[in-house]
Amino acid sequence: MKNILICWIGLTDIRASKNEESAGLGPIAQAVAARGFNEIVLISNLLSEVNAAYVTWLNQLTDASISLHEKKLTGPTRFGEIYEAAVGVVLETRKRHGKDIALTFHISQALRQWQPSGLFWPKPDFRQS
């Protein structure tokens with residue numbers, strides 16, 4: 001069974017990749033360091049060059065394969081657009097690997113407030129690890 005991390009790149013992650021002390025290792029890299037993932041699926045609405053630099057940095061910290069899904073948003077708090085992008089990536093990942101995978105969703109504090117409403121994980125098979 002493949003262990004897969006799915007997460008959205010946040011600004012603290014970017015600051016961590018630039019060695020800003022206040023960011024520490026960053027949320028994504030902390031999760032990667034704490035658990036053994038076979039694959040890391042990143043979602044981002046940041047500039048391509050920012051994403052590429054982050055992926056290069058994260059590759060130095062893990063042997064897991066990393067895929068990047070760049071998504072355009074009309075604004076950083078467009079939760080409907082974020083939902084559509086995230087669910088699309090999860091469905092694509094499941095289609096690629098089948099059901100014999102363990103998915104871990106790493107969500108930021110800003111997005112966690114929407115979880116109880118069912119906005120992010122409306123189906124039983126999208127459980128948070």
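The values are calculated or read from the model by the stated rules, or taken from the named source; none is laboratory data. Because the structure is predicted, anything quoted here is derived from the model rather than measured. In this analysis, Cβ positions are derived from the backbone assuming ideal geometry, glycine residues included, and neighbour counts consider all displayed protein chains.
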- request: Output the number of residues of the range 15-30 satisfying the condition of being modelled with pLDDT under 95, farther than 25 Å from LYS2 by Cβ, assigned to a helix (DSSP H, G or I) and not charged (D, E, K, R).
  value: 2
In the range 31-55, the residues that are more than 22 Å from LYS72 (Cβ to Cβ), in a loop (DSSP other than H, G, I, E, B) and either touching a helix residue (DSSP H, G or I) at 6+ places or on another chain (Cβ under 9 Å) or at pLDDT 95 or above (or both): PHE37, ASN38
message: For the range 1-14, give me each residue that is surrounded by fewer than 18 Cβ atoms within 10 Å (Cβ to Cβ) and part of a loop (DSSP other than H, G, I, E, B).
response: MET1
statement: Inside the range 56-81, the number of residues satisfying the requirement of being free of Cβ contacts under 8 Å to residues at least 24 places away in the same chain, touching a helix residue (DSSP H, G or I) at 6+ places or on another chain (Cβ under 9 Å) and not in a loop (DSSP other than H, G, I, E, B) is 1
- prompt: In the range 86-129, which residues are over 16 Å from MET1 (Cα atoms), surrounded by 13 or more Cβ atoms within 10 Å (Cβ to Cβ) and modelled with pLDDT of 90 or more?
  reply: GLY88, VAL89, VAL90, GLU92
